[in-house]
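Before any comments, here is the structure.
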Amino acid sequence: MSWLALLLIGVGTADLVRSAGARALLPGGVGAIALVVLGLFAGLTSFADIAAMVVGVAVVLAWSLLSPHRPRSAISVLAGAVALAILFAAGASEAGGLVGDWLDDARLPLLHGVDADRALLVLGVLLTQLTTGNAIVRIVLTLTGSTPPGTGRSLKGGRLLGPMERLVILGLGLAGQTTAAGLVIAAKGLIRWPELQSFRGEEGPSIDEVTEYFLVGSFVSWLVALGSLVLLAT
(Lines give C-alpha, C1' and ligand atoms only; values in the text may rest on other atoms or scores of the structure.)
Protein backbone atom coordinates (compact mmCIF):
# COMPACT_ATOMS: atom_id res chain seq x y z
CA MET A 1 0.00 0.00 0.00
CA SER A 2 3.02 2.29 -0.29
CA TRP A 3 1.66 4.02 -3.41
CA LEU A 4 -1.60 4.83 -1.64
CA ALA A 5 0.33 6.05 1.40
CA LEU A 6 2.42 8.45 -0.70
CA LEU A 7 -0.69 9.74 -2.48
CA LEU A 8 -2.42 10.48 0.84
CA ILE A 9 0.72 12.13 2.21
CA GLY A 10 0.98 14.38 -0.85
CA VAL A 11 -2.69 15.38 -0.79
CA GLY A 12 -2.73 15.89 2.98
CA THR A 13 0.42 18.02 2.90
CA ALA A 14 -0.95 20.18 0.07
CA ASP A 15 -4.17 20.82 1.97
CA LEU A 16 -2.27 21.74 5.13
CA VAL A 17 -0.20 24.26 3.19
CA ARG A 18 -3.35 25.72 1.64
CA SER A 19 -4.99 26.02 5.06
CA ALA A 20 -2.06 28.21 6.10
CA GLY A 21 -3.06 30.74 3.45
CA ALA A 22 -0.90 29.67 0.50
CA ARG A 23 -2.50 29.82 -2.94
CA ALA A 24 -1.78 29.03 -6.60
CA LEU A 25 0.70 26.23 -7.21
CA LEU A 26 2.49 26.36 -3.85
CA PRO A 27 0.27 23.89 -1.92
CA GLY A 28 0.33 21.32 -4.70
CA GLY A 29 4.06 21.83 -5.21
CA VAL A 30 4.85 21.26 -1.55
CA GLY A 31 2.60 18.21 -1.47
CA ALA A 32 4.25 16.79 -4.58
CA ILE A 33 7.72 17.34 -3.11
CA ALA A 34 6.69 15.58 0.12
CA LEU A 35 5.39 12.63 -1.92
CA VAL A 36 8.56 12.27 -3.99
CA VAL A 37 11.03 12.83 -1.15
CA LEU A 38 9.38 10.30 1.15
CA GLY A 39 9.08 7.83 -1.70
CA LEU A 40 12.80 8.07 -2.45
CA PHE A 41 13.72 7.95 1.24
CA ALA A 42 11.60 4.80 1.52
CA GLY A 43 13.61 3.14 -1.24
CA LEU A 44 10.77 3.09 -3.77
CA THR A 45 12.99 3.41 -6.84
CA SER A 46 11.81 0.70 -9.23
CA PHE A 47 10.38 1.71 -12.60
CA ALA A 48 6.83 0.96 -11.40
CA ASP A 49 7.38 2.98 -8.22
CA ILE A 50 8.71 6.00 -10.13
CA ALA A 51 5.79 5.83 -12.56
CA ALA A 52 3.36 5.65 -9.64
CA MET A 53 4.99 8.69 -8.04
CA VAL A 54 4.71 10.66 -11.29
CA VAL A 55 1.00 9.86 -11.42
CA GLY A 56 0.72 10.75 -7.73
CA VAL A 57 2.33 14.14 -8.33
CA ALA A 58 -0.16 14.83 -11.13
CA VAL A 59 -3.07 13.87 -8.86
CA VAL A 60 -1.81 16.07 -6.01
CA LEU A 61 -1.44 19.06 -8.33
CA ALA A 62 -4.85 18.44 -9.90
CA TRP A 63 -6.53 18.09 -6.50
CA SER A 64 -4.86 21.24 -5.20
CA LEU A 65 -5.88 23.32 -8.21
CA LEU A 66 -9.39 21.91 -8.72
CA SER A 67 -10.77 21.50 -5.20
CA PRO A 68 -11.38 25.22 -4.53
CA HIS A 69 -13.10 25.91 -7.87
CA ARG A 70 -14.22 22.65 -9.51
CA PRO A 71 -15.23 20.35 -6.66
CA ARG A 72 -16.88 17.68 -8.80
CA SER A 73 -13.75 17.23 -10.91
CA ALA A 74 -11.52 17.33 -7.83
CA ILE A 75 -13.39 14.62 -5.91
CA SER A 76 -13.54 12.46 -9.05
CA VAL A 77 -9.77 12.72 -9.54
CA LEU A 78 -9.03 11.91 -5.89
CA ALA A 79 -11.50 9.02 -5.66
CA GLY A 80 -10.25 7.52 -8.91
CA ALA A 81 -6.62 7.80 -7.85
CA VAL A 82 -7.30 6.18 -4.47
CA ALA A 83 -9.20 3.33 -6.16
CA LEU A 84 -6.36 2.73 -8.63
CA ALA A 85 -3.74 2.83 -5.86
CA ILE A 86 -5.68 0.16 -3.96
CA LEU A 87 -6.27 -1.91 -7.09
CA PHE A 88 -2.60 -1.96 -8.08
CA ALA A 89 -1.19 -2.07 -4.54
CA ALA A 90 0.43 -5.44 -5.17
CA GLY A 91 2.68 -3.89 -7.80
CA ALA A 92 4.38 -1.58 -5.32
CA SER A 93 7.81 -2.39 -3.92
CA GLU A 94 8.18 -2.96 -0.22
CA ALA A 95 9.12 0.30 1.47
CA GLY A 96 12.38 0.44 3.36
CA GLY A 97 15.41 2.62 2.65
CA LEU A 98 16.20 5.41 5.06
CA VAL A 99 12.66 5.31 6.43
CA GLY A 100 13.04 1.63 7.28
CA ASP A 101 16.45 2.23 8.86
CA TRP A 102 15.05 5.04 11.00
CA LEU A 103 12.17 2.86 12.16
CA ASP A 104 14.56 0.05 13.04
CA ASP A 105 16.68 2.43 15.14
CA ALA A 106 13.74 4.26 16.73
CA ARG A 107 13.28 3.52 20.40
CA LEU A 108 9.76 4.85 20.71
CA PRO A 109 7.41 2.09 21.95
CA LEU A 110 4.73 3.07 19.43
CA LEU A 111 7.14 2.47 16.54
CA HIS A 112 8.50 -0.83 17.78
CA GLY A 113 8.03 -3.50 15.14
CA VAL A 114 6.31 -1.13 12.66
CA ASP A 115 7.47 -1.59 9.08
CA ALA A 116 7.95 1.28 6.63
CA ASP A 117 4.84 0.50 4.57
CA ARG A 118 2.65 0.63 7.66
CA ALA A 119 4.31 3.79 8.97
CA LEU A 120 3.82 5.63 5.67
CA LEU A 121 0.17 4.60 5.46
CA VAL A 122 -0.50 5.70 9.04
CA LEU A 123 1.13 9.07 8.29
CA GLY A 124 -0.93 9.50 5.13
CA VAL A 125 -4.16 8.59 6.91
CA LEU A 126 -3.42 10.97 9.79
CA LEU A 127 -2.77 13.85 7.40
CA THR A 128 -6.05 13.26 5.57
CA GLN A 129 -8.00 13.53 8.82
CA LEU A 130 -7.00 17.18 9.02
CA THR A 131 -7.82 19.72 6.32
CA THR A 132 -8.33 17.12 3.57
CA GLY A 133 -11.24 15.68 5.52
CA ASN A 134 -12.74 19.15 5.82
CA ALA A 135 -12.30 19.71 2.07
CA ILE A 136 -14.07 16.43 1.27
CA VAL A 137 -16.96 17.35 3.59
CA ARG A 138 -17.24 20.79 2.02
CA ILE A 139 -17.24 19.35 -1.51
CA VAL A 140 -19.96 16.80 -0.71
CA LEU A 141 -22.11 19.48 0.96
CA THR A 142 -21.75 21.66 -2.13
CA LEU A 143 -22.52 18.86 -4.59
CA THR A 144 -25.59 17.72 -2.64
CA GLY A 145 -26.89 21.27 -2.19
CA SER A 146 -26.91 20.83 1.59
CA THR A 147 -25.17 24.11 2.32
CA PRO A 148 -27.66 26.45 4.03
CA PRO A 149 -28.34 29.83 2.38
CA GLY A 150 -26.32 32.79 3.55
CA THR A 151 -26.96 33.87 7.12
CA GLY A 152 -25.22 35.69 9.89
CA ARG A 153 -25.11 32.50 11.96
CA SER A 154 -23.43 29.16 11.44
CA LEU A 155 -22.65 25.98 13.34
CA LYS A 156 -19.67 26.94 15.47
CA GLY A 157 -16.31 25.24 15.43
CA GLY A 158 -16.99 22.78 12.61
CA ARG A 159 -13.63 23.26 10.90
CA LEU A 160 -11.82 22.55 14.17
CA LEU A 161 -14.15 19.94 15.64
CA GLY A 162 -14.21 17.86 12.44
CA PRO A 163 -10.47 17.03 12.40
CA MET A 164 -10.44 16.50 16.18
CA GLU A 165 -13.42 14.16 15.94
CA ARG A 166 -11.87 12.16 13.08
CA LEU A 167 -8.56 11.83 14.90
CA VAL A 168 -10.31 10.62 18.06
CA ILE A 169 -12.36 8.06 16.11
CA LEU A 170 -9.25 6.90 14.25
CA GLY A 171 -7.20 6.62 17.44
CA LEU A 172 -9.89 4.71 19.30
CA GLY A 173 -10.41 2.42 16.33
CA LEU A 174 -6.69 1.63 16.10
CA ALA A 175 -6.69 0.90 19.84
CA GLY A 176 -9.55 -1.54 19.34
CA GLN A 177 -12.01 0.64 21.22
CA THR A 178 -14.74 0.70 18.58
CA THR A 179 -17.48 1.05 21.21
CA ALA A 180 -15.83 4.20 22.53
CA ALA A 181 -15.59 5.52 18.98
CA GLY A 182 -19.33 4.97 18.61
CA LEU A 183 -19.91 6.93 21.81
CA VAL A 184 -17.96 9.86 20.35
CA ILE A 185 -20.27 9.83 17.33
CA ALA A 186 -23.37 9.72 19.52
CA ALA A 187 -22.08 12.45 21.81
CA LYS A 188 -21.67 14.87 18.91
CA GLY A 189 -25.36 14.70 18.08
CA LEU A 190 -26.36 15.28 21.70
CA ILE A 191 -24.00 18.22 22.10
CA ARG A 192 -25.12 19.87 18.85
CA TRP A 193 -28.86 19.34 19.47
CA PRO A 194 -29.49 22.54 21.51
CA GLU A 195 -27.62 24.61 18.93
CA LEU A 196 -29.63 23.08 16.09
CA GLN A 197 -32.86 23.84 17.91
CA SER A 198 -31.82 27.48 18.35
CA PHE A 199 -32.31 27.99 14.59
CA ARG A 200 -36.03 27.20 14.89
CA GLY A 201 -38.21 30.20 14.07
CA GLU A 202 -35.32 32.45 13.00
CA GLU A 203 -34.92 34.16 9.66
CA GLY A 204 -32.55 32.49 7.25
CA PRO A 205 -32.16 28.71 6.90
CA SER A 206 -34.95 26.60 8.38
CA ILE A 207 -34.32 24.06 11.12
CA ASP A 208 -34.75 21.30 8.52
CA GLU A 209 -32.05 22.80 6.26
CA VAL A 210 -29.62 23.24 9.15
CA THR A 211 -30.27 19.69 10.38
CA GLU A 212 -29.68 18.28 6.89
CA TYR A 213 -26.47 20.28 6.64
CA PHE A 214 -25.32 18.93 10.01
CA LEU A 215 -26.21 15.31 9.25
CA VAL A 216 -24.68 15.22 5.77
CA GLY A 217 -21.49 16.88 6.95
CA SER A 218 -21.21 14.64 10.00
CA PHE A 219 -21.78 11.41 8.12
CA VAL A 220 -19.21 12.31 5.45
CA SER A 221 -16.71 13.24 8.18
CA TRP A 222 -17.31 9.94 9.97
CA LEU A 223 -16.92 8.03 6.70
CA VAL A 224 -13.51 9.64 6.15
CA ALA A 225 -12.37 8.36 9.56
CA LEU A 226 -14.00 4.94 9.25
CA GLY A 227 -12.73 4.49 5.68
CA SER A 228 -9.23 5.24 6.94
CA LEU A 229 -9.62 2.53 9.57
CA VAL A 230 -10.60 0.07 6.85
CA LEU A 231 -7.47 0.97 4.86
CA LEU A 232 -5.27 0.42 7.90
CA ALA A 233 -6.95 -2.92 8.58
CA THR A 234 -6.07 -4.31 5.14
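The values are calculated or read from the model by the stated rules, or taken from the named source; none is laboratory data. Every value quoted in this text rests on a predicted model; they were computed, and no experiment measured them. Positions of Cβ are generated from backbone atoms using ideal geometry, with glycine treated the same way; all protein chains shown enter the neighbour counts.
A compact table of results
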{"item": "Cβ-Cβ under 7 Å pairs, at least 6 apart or on other chains, region 107-136 side farther than 20 Å from Phe41 by Cβ, far side modelled with pLDDT under 85", "result": "Gly133/Gly162; Asn134/Arg159; Asn134/Gly162"}
{"item": "Any hit, region 52-71, residues being in contact with a Phe, Trp or Tyr (Cβ under 7 Å, 6 or more places away or on another chain), surrounded by fewer than 21 Cβ atoms within 10 Å (Cβ to Cβ) and over 18 Å from Ile33 (Cα atoms)", "result": "no"}
{"item": "Filter result for Leu25 (surrounded by 14 or more Cβ atoms within 10 Å (Cβ to Cβ) and of a type outside the set (Val, Ile, Thr))", "result": "no"}
{"item": "Every residue from region 38-67 that is under 20 Å from the mean Cα position of the chain (by Cα) and over 20 Å from Ala83 (Cα atoms)", "result": "Leu38, Leu65"}
{"item": "Among (1) buried (at least 19 other Cβ atoms within 10 Å of the Cβ); (2) closer than 23 Å to Arg138 by Cβ - the single one Gly43 does not satisfy", "result": "(2)"}
{"item": "Residue check, Gly189 in a helix (DSSP H, G or I), surrounded by 12 or more Cβ atoms within 10 Å (Cβ to Cβ) and modelled with pLDDT under 70", "result": "yes"}
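To keep it simple, each residue is scored yes or no on (1) closer than 18 Å to Leu223 by Cα; (2) surrounded by fewer than 20 Cβ atoms within 10 Å (Cβ to Cβ); (3) at pLDDT 85 or above; (4) aliphatic (A, V, I, L, M).
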position: Ala79; (1), (2), (3), (4): yes, yes, yes, yes
position: Ala92; (1), (2), (3), (4): no, no, yes, yes
position: Val99; (1), (2), (3), (4): no, no, yes, yes
position: Leu127; (1), (2), (3), (4): yes, no, yes, yes
position: Thr132; (1), (2), (3), (4): yes, no, yes, no
position: Ala135; (1), (2), (3), (4): yes, no, yes, yes
position: Met164; (1), (2), (3), (4): yes, yes, yes, yes
position: Leu167; (1), (2), (3), (4): yes, yes, yes, yes
